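Data first, discussion second: the structure below is written as structure tokens.
The values are calculated or read from the model by the stated rules, or taken from the named source; none is laboratory data. Note that the structure is predicted; figures quoted are calculated from it, not measured. All Cβ positions, glycine included, derive from the backbone under ideal geometry; neighbour counts span all protein chains shown.
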Amino acid sequence: MHFPQLCFTQSLHELLVFAWKSHRRAPRAIKEIRKFAMKEMGTPDVRIDTRLNKAVWTKGVRNVPYRVRVRLSRKRNEDEDSPNKLYTLVTYVPVTTCKGLQTVNVDEN
């Protein structure tokens, strides 16, 4: 079964700059990315890649990047004990600039 992969530009600045205290911004950014992935892909089990976590935390807890390019891919859960059949893997896509980038369906090839 083929599951779609989507590439999004997630804007973190407008979510976090005024709403959250500065020492809580990076953890809150991870939670917002997780919430966004859950809504877009429809799976309650969302897993964040370590490269994405490092990209959010590069400038420290207070100064999160303005935008992050992420790829959402829905995968089949291999764990038989899990209540969810599918999970979403959120990975970091390194780009030089986020200007003009749109949401894209990505093939696995």
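Observations on the structure shown:
- Only a single item in (1) under 14 Å from the mean Cα position of the chain (by Cα); (2) closer than 16 Å to Q5 by Cβ is not met by R76, and it is number (1).
- Of residues in the range 26-70 being out of contact with any helix residue (DSSP H, G or I) (no Cβ under 8 Å at 6 or more places or on another chain) and assigned to a strand (DSSP E or B), the one surrounded by the most Cβ atoms within 10 Å (Cβ to Cβ): R69
- Listed by first and then second residue, the pairs with beta-carbon distance under 9 Å, at least 6 apart or on different chains, first residue in the range 73-85 and at pLDDT below 85, second among the acidic types (D, E) and surrounded by 11 or more Cβ atoms within 10 Å (Cβ to Cβ), are S82/D45.
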